[in-house]
Amino acid sequence: MGILLAMQGAISQGVLWGVMTLGVYITFKILDFPDMTVDGSFALGGSVSAVLIVNSVNPVVSLAAAFAAGCIAGVVTGLLHTKLEIPGILAGILSMIALYSINIRVMGQANTPLLGVTTLMTSWEELFGLDRNVSSLIVGVIISVAVIAALYWFFGTEIGCAIRATGNNERMVRALGVDTDNMKIIGLALSDGLVALSGGLVAQSQGYADVGMGTGTLVIGLASIIIGEVVFGRRIAFWYYLMSVVFGSIIYRLIIAIVLQLGLKSTDLKLLTAVLVILALSVPVLSKKFSKRKEQKGKSSAQGGSVC
């Protein structure tokens, strides 16, 4: 029963964190940009959403403000990289470091509790008599579906195609007359906006926002993307990629929940995450090597039969 309850909570949290994973997917997979801003923008979204809700702002409006704040953080990283020619990974690190202080400034303290205030999750609980995990799951599914549909539409537009082409072959796109700097800035803004939106959702679900809630977010996002690719494979349809990213986040959370229930210490979660990423990355490589060896054995046996 304890494992089942833990799995239920893991699924709800996996959906909420899946929105963050979609943001990481945009920069690392589509734009091919190592954006380290994620750890700071996730906490930024949670901070902005929590502070606005405490000051009697509608929870939906607070999520919109969190998304806008994340977009601004992404724009700053993009400007540092494109206009000041700071390397991408260093620009993200600088933004992440600056956001730590900014998040404390936003909240006025290290954390902001949401006890006794109305959030999206508590409103669903009051309306339909649901518990926190179920309400978080419903809200997460609705927002995830909306985000996937919006991304699928956006990356089918001219600007979206230009962003995808920039990540694929920046020199060719620049030769065609596209301003790749603007494409990078737009992609980073959208990515960090989604990460901040996820931070706002997680803050409302767990009942508080903390300045350190974004620590390790980037690694979690990459692990979820890799797990989704390994489990669901690679297909041509873009919407399939987006859905696999969210399901990868759910699978990651399920693995963490089950392992914790089996007795693993919470202090070992970072080690477990590293092991999961290593395994997910090594599976495709090992499968290719195994298939090549199998083909070579088949060819050698066929040649031996023909000689005989």
Residue among Asn133, Asn103 that is farther than 30 Å from Met243 by Cβ and in contact with a helix residue (DSSP H, G or I) (Cβ under 6 Å, 6 or more places away or on another chain): Asn103
Residues that are within 19 Å of Phe28 (Cβ to Cβ) and open to solvent by 20 Å² or more (accessible area, probe 1.4 Å): does region 286-306 have at least one? no
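Could you pull out the residue among Ala257, Ala209, Ala203 that is more than 25 Å from Ile3 (Cβ to Cβ), more than 13 Å from the chain's Cα centre (by Cα), at pLDDT 85 or above and assigned to a helix (DSSP H, G or I)?
Numbers: Ala257 fails: more than 25 Å from Ile3 (Cβ to Cβ); Ala209 fails: assigned to a helix (DSSP H, G or I).
None of the other options fit; the residue is Ala203.
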Name, by its number, the condition in (1) open to solvent by 40 Å² or more (accessible area, probe 1.4 Å); (2) more than 30 Å from Thr118 (Cα to Cα) that does not hold for Asp210. (2)
Quick check: is even one residue across region 96-105 of a type outside the set (A, V, I, L, M, F, W, C) and without any contact (Cβ under 8 Å) to a residue 24 or more places away in the chain? yes
Exactly one condition in (1) open to solvent by 60 Å² or more (accessible area, probe 1.4 Å); (2) of a type in the set (A, V, I, L, M); (3) under 22 Å from the mean Cα position of the chain (by Cα) is false for Val230; which is it? (1)
Enumerate the pairs (first residue in region 179-198 and surrounded by fewer than 24 Cβ atoms within 10 Å (Cβ to Cβ) and part of a helix (DSSP H, G or I); second residue anywhere and modelled with pLDDT under 95 and not β-branched (Val, Ile, Thr)) with beta-carbon separation below 7 Å, excluding pairs fewer than 6 apart on the same chain, so at least 6 apart or on different chains. Thr180/Glu170; Thr180/Arg174
Would you confirm, using the coordinates I've provided, whether Ile236 is among the hydrophobic types (A, V, I, L, M, F, W, C) and assigned to a helix (DSSP H, G or I)? no
Taking into account only those residues within region 98-144 that are aromatic (Phe, Trp, Tyr) and over 21 Å from the mean Cα position of the chain (by Cα), which is modelled with the lowest pLDDT? Phe128
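Take the conditions open to solvent by 40 Å² or more (accessible area, probe 1.4 Å) and at pLDDT below 85 and apply them to Ser282. Does it pass? Before the answer, list the steps.
Working: open to solvent by 40 Å² or more (accessible area, probe 1.4 Å): no; at pLDDT below 85: yes.
No.
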So Val219 passes all but one of these: (1) open to solvent by 50 Å² or more (accessible area, probe 1.4 Å); (2) of a type outside the set (D, E, K, R); (3) within 16 Å of Arg253 (Cβ to Cβ); (4) not in a helix (DSSP H, G or I). Which condition number does it fail? (4)
Leading residue by the ranking (modelled with the lowest pLDDT) among those in region 40-59 that are more than 12 Å from Leu197 (Cα to Cα) and surrounded by fewer than 24 Cβ atoms within 10 Å (Cβ to Cβ): Ser56
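The values are calculated or read from the model by the stated rules, or taken from the named source; none is laboratory data. Note that the structure is predicted; figures quoted are calculated from it, not measured. In this analysis, Cβ positions are derived from the backbone assuming ideal geometry, glycine residues included, and neighbour counts consider all displayed protein chains. Heads up: the accessible areas ignore ligands, DNA and RNA and are worked out on the full protein's heavy atoms, side chains in. Shrake-Rupley method; radii C 1.70, N 1.55, O 1.52, S 1.80 Å.
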